[in-house]
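Just below is one structure, and these are the notes that go with it.
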Amino acid sequence: RTAPAETSRETEKAYVYAPFDKVEDYIEHFAPIAKEEMRLYKIPASITMAQAVLESGAGNGNLTRKANNHFGNKCHNWTGDVVYHDDDAKGECFRNYRDPKYSFRDHSLFLKERKRYSKLFTLEKDDYKNWAIELRKAGYATDRKYPDKLISLIERYQLHRFDAEVLGKQTVNNDKH
């Protein structure tokens, strides 16, 4: 599999898919794409990576391995390849991506283009705690513990370092409420 023409050198290595033995390997592999998405769409890379880890089983979930779909992106208004997978219901239609970059891009567009997520974009880009809380409030997940799960992943794996890198900061303020 080769990377699309518009791919930067930084993200090129992320196109070669391999199963990940450790969560850290998954994070390091896809962090360049999350940072690129942050630069383009103003979504904290820490949030994108925590969601990807959680929703893809750190790259080892069936949907991710079968369809390069790291976020459980469903078929709504999709004209590309599809795959059927049991999720909330049996045999649901999910987007099948040629390469993972497009799964990350669709995730960014999903948040950016829907009015219900507009409040997220008024938050500071390094305020991952409120981003996690507001994602849940806006209806992204029904799991009441979703924000806690994202925050836990961000802090455990220090994913906020990617936000700091993109923002050109030495440290990230984690104490915002």
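The values are calculated or read from the model by the stated rules, or taken from the named source; none is laboratory data. On a predicted model such as this, the values are computed, not experimentally measured, just so you know. Here the Cβ positions follow ideal geometry from the backbone for every residue, glycine too, while neighbour counts run over all protein chains shown. Side chains included, ligands, DNA and RNA excluded: accessible areas come from the protein's heavy atoms. Shrake-Rupley method; radii C 1.70, N 1.55, O 1.52, S 1.80 Å.
Worth a mention:
- Relative contact order %, the chain, counting alpha carbon pairs below 8 Å whose residues are six or more apart: 22
- Cα gyration tensor, the stretch 32-79 - rounded (a/c under 1.5), prolate or oblate: oblate
- Per-residue ellipticity at 222 nm from helix content only, as computed over the chain with -39500 (n - 2.57) for each DSSP H run of at least four residues, stands at -14000 deg cm²/dmol.
- Projecting the Cα atoms of His85, Gly61, Leu109 onto the dipole axis of the chain, where Lys and Arg carry +1 and Asp and Glu carry -1 at the beta carbon, places Leu109 farthest toward the positive end.
- Heavy-atom accessible area per residue - the stretch 43-170, 1.4 Å, Å²: 50
- Efficiency of FRET between His76 and Arg39 - r from beta-carbon atoms, R0 30 angstrom, step 0.05: 0.70
- Converting phi to 3J(HN,Hα) with the Karplus coefficients 6.51, -1.76 and 1.60 and the offset θ = phi - 60°, the stretch 87-102 yields 10, 5, 10, 6, x, 6, 8, 10, 6, 10, 9, 5, 8, x, 3, 6 Hz in sequence order, with x at every glycine or proline.
- Distant-in-sequence amide contacts of Asn69, defined by a placed amide H-H separation under 5 Å and a gap of 5 or more residues or a different chain, comprise Thr64, Tyr97.
- Computed from the Cβ-Cβ distance with R0 of 45 Å, the FRET efficiency linking Lys169 to Lys90 stands at 0.45.
- For Leu123, residues with placed amide H under 5 Å, excluding near neighbours: none
- About the Cα centre, charge dipole magnitude for the chain (Lys/Arg +1, Asp/Glu -1 at Cβ), debye: 440
- Counting lysine pairs in the stretch 19-115 whose alpha carbons fall under 18 angstrom apart, excluding pairs fewer than 8 residues apart on the same chain, gives 12.
- Of the whole protein surface, Asp81 contributes about 110 Å² of accessible area at a 1.4 Å probe radius.
- For Val82, distant residues with modelled amide H under 5 Å away: Asn96
- The stretch 26-166, accessible surface, carbon-and-sulfur percent (1.4 angstrom probe): 47
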